[in-house]
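Notes to accompany the following structure.
The values are calculated or read from the model by the stated rules, or taken from the named source; none is laboratory data. Bear in mind the structure is a predicted one, so any value in this text is a computation, not a measurement. Cβ placement follows ideal geometry from the backbone for every residue including glycine, while neighbour counts extend to all protein chains displayed. We work out accessible area using only protein heavy atoms, side chains counted, and drop any ligands, DNA or RNA first. Shrake-Rupley method; radii C 1.70, N 1.55, O 1.52, S 1.80 Å.
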Amino acid sequence: MAGRVHFSVQRNGLLFLSPSSSSLFHSSINFGVKNGITFGPKRLPRTALYCNCAASNGLQKEMRSEPPFVLTTPLYYVNAPPHMGSAYTTIAADAIARFQRLLGKKVIFITGTDEHGEKIATAAAASGSSPSEHCDVVSQAYKELWKDLDIAYDKFIRTTESKHEAIVKEFYSKVLASGDIYRADYEGLYCVNCEEYKDEKELLDNNCCPMHLKPCVSRKEDNYFFALSKYQKRLEETLEKNPGFVQPSYRLHEVEGWIKGGLRDFSISRAAVDWGITVPSDTDQTIYVWFDALLGYISALSEDKEHSDLQSAISSGWPASLHLIGKDILRFHAVYWPAMLMSAGLDLPKMVFGHGFLTKDGMKMGKSLGNTIDPKCLVDRFESDAVRYFFLREVELGNDGDYSEERFINIINANLANTIGNLLNRTLGLIKKNCNSTLPVDSAVAAEGNAFKESVEDLVAKARTQYENLAISSACEAVLDIGNAGNLYINERAPWSLLKQGGDAFEAATKDLVMILEAMRIIAIALSPITPSLCLRIYEQLGYTEEQFNAATWNETKWGGMKSGQVMAQPRPVFARIEVQKEEEDVPEVAKKVSKKKTKIPKVQAVAEA
Ligand code: MSP
């Protein structure tokens, strides 16, 4: 944000008063197929209603007294339809939200769209529509994608909603009253795609933005400024006292570096942009899109559609427990936003987690570079569970990760179709044939003295810790290892041979099968934050209802849930392998036809040309 700022400060009579003291956050939180097969109508994802299920499990008291777990994704720009990079944050946030609900927490999962500013106005003009029509269309595309991806959000905020505007104006007035807004001339290099003034030092040749590879434009404006520099010391202290505020820890160092390097005040209004919320005291200017959008995290909490006020929104759940964002917008969330909140006398969020980028050929996948993958195409071809699983398993949250179709297919086939799907299916086949699909013994009895049970218990405990630490890929790995252990166990024991021997061998084999099914039940709960639809199908195969699946909590990952007499459903594959039809040699990778169970699936242009 720094730049060639020439302050001809006209402080408009506003004094720099010391900001009203904001209570700092208390402690850093320690979170610690279609596939050619018809699976019936698409189930509703678990939503906030899901919390009622936890309540019915005796957790109601805990949920009432504990503050909610408030989790946010960034509010997405509506300059273009969503791509896989934007979907990534939301999928990860959804997995975290689902995990927290499994723990019995009341969760408020917030997402939405960022609809003001120059970039959006330009995109609307290019599409020949008014900004508000354009925003309606793209915002709706986000909502539809979230449905396709089984995203169970609780609140969707659009920054063009009137309740949001009211809260932005009230917040602006509070910051003004703190003496933190003044008027000055500004001259600098602006990246419209970042919606940010840039420091010349960070730019490439020809003043190109390193993220968007487009030249920044020179701007000179008379703007209102936010006195960020005043908060330098308090921000430093905040990070010192709460090192967990910025995660992963290597991003904290980056933030500390920015702050130590000196904070410059930044302009929070635009004279030349009409598409925005007008500055309360000056209708010739609109509020800078970032100042506006960050407040969406608070206005989303407001229950009232029309007449919301800051206090009532705050009392509905602020401060947020976690802002999950991409690393490119860390400075806004870990420096500007806390300072703005301090100025307004509001609590800070408890944690900001900056994840890495999905890349294509090493470059950030993005709308501006045009090297995106359309998540809808992926969902249409492979189903939402596969898309969710691949990106969460393949890319550890925090790191960058490259997409490759070959790797996608290999991982999905190996983990979901083979390790989980195949193990379940063949075990159910043996139970059907030999026990009339009815469990002959309790899983607790079947596992007495058996080390397999202990390894499952260890792995599920490990998965929980990994989820709590937001190490989602490692959590997936631990759950998958339960499946690996199951495959190893069944292959060693070869119950299909023991069953033929009759007598004690038969009995021992049926116990082995019950243990595998118990492990499958545990997988279905522990992997449900990642692959909710697949896990429901597993649960149903084990003879449970959808209601029982929705009511399950993490407590039920304890060994011993499956009892003698439980009747399994008719065995049906829960996840079919993705079959790649070999094409003529010179057909490019992206144009390969992919079919499942011999269903021909139309060619998909997975990767747009850069
Ligand atoms: N509108 C702002 C956020 C305001 S929050 C109050 C914005 N929008 S964005 O649409 O450009 O980006 C939204 C999120 O998508 C960011 O967290 C960004 O990091 C993420 N991603 C966009 N492309 C991405 C990848 N290629 N990979 C992973 N995430 C990336 O910034």
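Among the residues of the stretch 300-319 satisfying the criterion of being within 24 Å of residue 77 (Cβ to Cβ) and away from the ligand (no atom under 11 Å from the Cβ), which is most open to solvent (accessible area, probe 1.4 Å)?
Here is the first cut: in the stretch 300-319, the ones within 24 Å of residue 77 (Cβ to Cβ) are 300-302, 305, 308, 313, 318.
Still in the list and also away from the ligand (no atom under 11 Å from the Cβ): 301-302, 305, 308, 313, 318.
Working: 301: 1, 302: 4, 305: 153, 308: 11, 313: 0, 318: 24 Å².
That would be 305.
Among the residues that make up the stretch 351-359, is at least one of them within 8 Å of the ligand (Cβ to nearest atom), touching a Ser or Thr at 6+ places or on another chain (Cβ under 8 Å) and either under 19 Å from residue 250 (Cβ atoms) or among the acidic types (Asp, Glu) (or both)?
yes
When residues of the stretch 197-231 are filtered for being farther than 18 Å from residue 269 by Cβ, assigned to a helix (DSSP H, G or I) and touching a helix residue (DSSP H, G or I) at 6+ places or on another chain (Cβ under 6 Å), how many remain?
Here the count works out to 1.
Taking into account only those residues within the stretch 209-224 that are buried (at least 17 other Cβ atoms within 10 Å of the Cβ) and under 22 Å from residue 182 (Cα atoms), which is modelled with the lowest pLDDT?
By that ranking, first place goes to 221.
For residue 78, indicate whether it is crowded, with 24+ Cβ neighbours inside 10 Å and touching a Cys at 6+ places or on another chain (Cβ under 8 Å).
Judged against the criteria, residue 78 is a match.
Can you say whether residue 291 is more than 15 Å from the ligand (Cβ to nearest atom), under 30 Å from the mean Cα position of the chain (by Cα) and crowded, with 21+ Cβ neighbours inside 10 Å, as far as the supplied structure shows?
No: the conditions fail for residue 291.
Residue under question is residue 347, and the condition is that it be more than 24 Å from residue 177 (Cα to Cα), more than 11 Å from the ligand (Cβ to nearest atom), acidic (Asp, Glu) and surrounded by fewer than 23 Cβ atoms within 10 Å (Cβ to Cβ); does it hold?
Spelling it out, it is not the case that residue 347 is more than 24 Å from residue 177 (Cα to Cα), more than 11 Å from the ligand (Cβ to nearest atom), acidic (Asp, Glu) and surrounded by fewer than 23 Cβ atoms within 10 Å (Cβ to Cβ).
Which members of the stretch 264-279 meet the condition of being open to solvent by 10 Å² or more (accessible area, probe 1.4 Å), modelled with pLDDT under 95 and more than 16 Å from the ligand (Cβ to nearest atom)?
Within the stretch 264-279, 264, 265, 271, 272, 274 meet the criteria.
Residues that are open to solvent by less than 10 Å² (accessible area, probe 1.4 Å): find the helices (runs of 4 or more DSSP H) completely inside the stretch 461-542 holding 3 or more of those.
Here the list reads 472-493, 503-526, 532-541.
Quick check on this structure: which one of 297, 250 is closer than 30 Å to residue 107 by Cα, of a type outside the set (D, E, K, R) and open to solvent by 60 Å² or more (accessible area, probe 1.4 Å)?
Only one candidate qualifies: 250.
Residue by residue, here is whether (1) assigned to a helix (DSSP H, G or I); (2) touching a strand residue (DSSP E or B) at 6+ places or on another chain (Cβ under 9 Å); (3) open to solvent by less than 30 Å² (accessible area, probe 1.4 Å) holds:
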{"site": "72", "(1), (2), (3)": "no, yes, yes"}
{"site": "82", "(1), (2), (3)": "no, yes, yes"}
{"site": "89", "(1), (2), (3)": "yes, yes, yes"}
{"site": "100", "(1), (2), (3)": "yes, yes, yes"}
{"site": "104", "(1), (2), (3)": "no, no, yes"}
{"site": "113", "(1), (2), (3)": "no, yes, yes"}
{"site": "122", "(1), (2), (3)": "yes, no, no"}
{"site": "128", "(1), (2), (3)": "no, no, no"}
{"site": "137", "(1), (2), (3)": "yes, no, no"}
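With respect to residue 382, is the statement that it is open to solvent by less than 10 Å² (accessible area, probe 1.4 Å) and either of a type outside the set (A, V, I, L, M) or within 14 Å of the ligand (Cβ to nearest atom) (or both) true?
For residue 382, the condition - open to solvent by less than 10 Å² (accessible area, probe 1.4 Å) and either of a type outside the set (A, V, I, L, M) or within 14 Å of the ligand (Cβ to nearest atom) (or both) - is met.
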